[in-house]
Amino acid sequence: MKAAFVKLGDVVNFVGGAQPPKTDFIYEPKEGYIRLLQIRDYKSDANQTYIPIEKARRSCTKDDVMIGRYGPPVFQILRGLEGSYNVALMKADPTERVDRNYLYHFLKQDSLFRLIDGLSQRTAGQSGVDMDALREYQMYLPSLTEQKRIATILDKADAIRRKRQQAIQLTNYF
């Protein structure tokens, strides 16, 4: 496959979350229940929520690319948790033409964030992702082999950045 620019919406499906009423929520793990993921859960395990498995409508794995639909900040790109996800999240589900790790890094680029953040509409006090703009955004799509190579490099750079942040924090502490 030759490298090309494609519309993001042509190679990625965006699947919005769902949730049962809060009366079904519990706050401790229990057999027959699944974790209900919210945006805040990607930053802390302090407020875990669980729902009955039979009421879970949308689910994700640790490898799935998730997007915070509302903000602030709007358009947070997340991954690393599994469970059922609520209405404030959506899954970016790539077609077979797109490597999931490449998609994750592509969606994290500053220029895309600035566009979506700038176009977000305030409704009920929260900003929301402009889905038309997101679907129309042009994505550079090299071969799968090249996507995987690029994603591996970006994963390594991200790991180095995180280690550097930890080193700075430790230096400041001491």
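The values are calculated or read from the model by the stated rules, or taken from the named source; none is laboratory data. Bear in mind that the values here come from a model prediction, so they are computed numbers and not experimental data. Virtual Cβ from ideal backbone geometry, glycine too; neighbours counted across all protein chains shown. SASA here: full protein model, heavy atoms, side chains in, ligands and nucleic acids out. Shrake-Rupley method; radii C 1.70, N 1.55, O 1.52, S 1.80 Å.
Qualifying trypsin sites (Lys or Arg not before Pro) in the range 38-134, where qualification requires a DSSP coil assignment and no more than 10 other C-beta atoms within 10 Å, comprise LYS43, LYS62. With the charge dipole of the chain set up from +1 on Lys and Arg Cβ and -1 on Asp and Glu Cβ about the Cα centre, the Cα lying farthest toward the positive end among the listed residues SER111, PRO94, THR61 is that of SER111. Cα convex hull, the range 73-174: 152 Å³ per residue, rounded to a whole number. Taken along the Cα-to-beta-carbon direction at a fixed 7 Å, the label points for LYS148 and VAL11 span 1.6 nm.
For the range 31-128, averaging the sequence separation of C-alpha pairs within contact (under 8 Å, six or more residues apart) and dividing by the residue count gives a relative contact order of 28 percent. Of the residues ASN47, ASN101, ASN13, the one that moves most in a GNM of the chain with alpha-carbon contacts below 10 Å is ASN47. Based on Cα contacts under 8 Å between residues 6+ apart, the chain shows a relative contact order of 27 percent.
Could you please state how large a percent of the accessible area of the range 44-174 is carbon and sulfur, counting protein chains only and using a 1.4 Å probe?
50
Over all projection directions, the Cα-based convex hull of the chain averages an area of 12.4 nm².
For the range 44-153, chymotrypsin sites (Phe, Trp or Tyr not before Pro) are listed when DSSP marks them as loop and at most 12 other Cβ atoms sit within 10 Å of their Cβ; the list is empty. Of LYS7/LYS156; LYS108/LYS156; LYS22/LYS55, which sit over 22 Å apart, Cα to Cα? Pairs exceeding the cut-off: LYS7/LYS156. Solvent-accessible surface of the chain, taken per residue with a 1.4 Å probe and all protein chains present: 60 Å².
The Cβ shell under 15 Å around ARG135 holds other residues with a net charge of -2, Lys and Arg each +1, Asp and Glu each -1.
For the range 49-174, a simple Cβ point-charge model (Lys and Arg +1, Asp and Glu -1, everything else neutral) yields a dipole of about 360 debye relative to the Cα centre. Grab the other residues whose beta carbon is less than 12 angstrom from that of GLY16, score K and R as +1, D and E as -1, and report the net. That sum, taken over residues with Cβ under 12 Å, equals +3.
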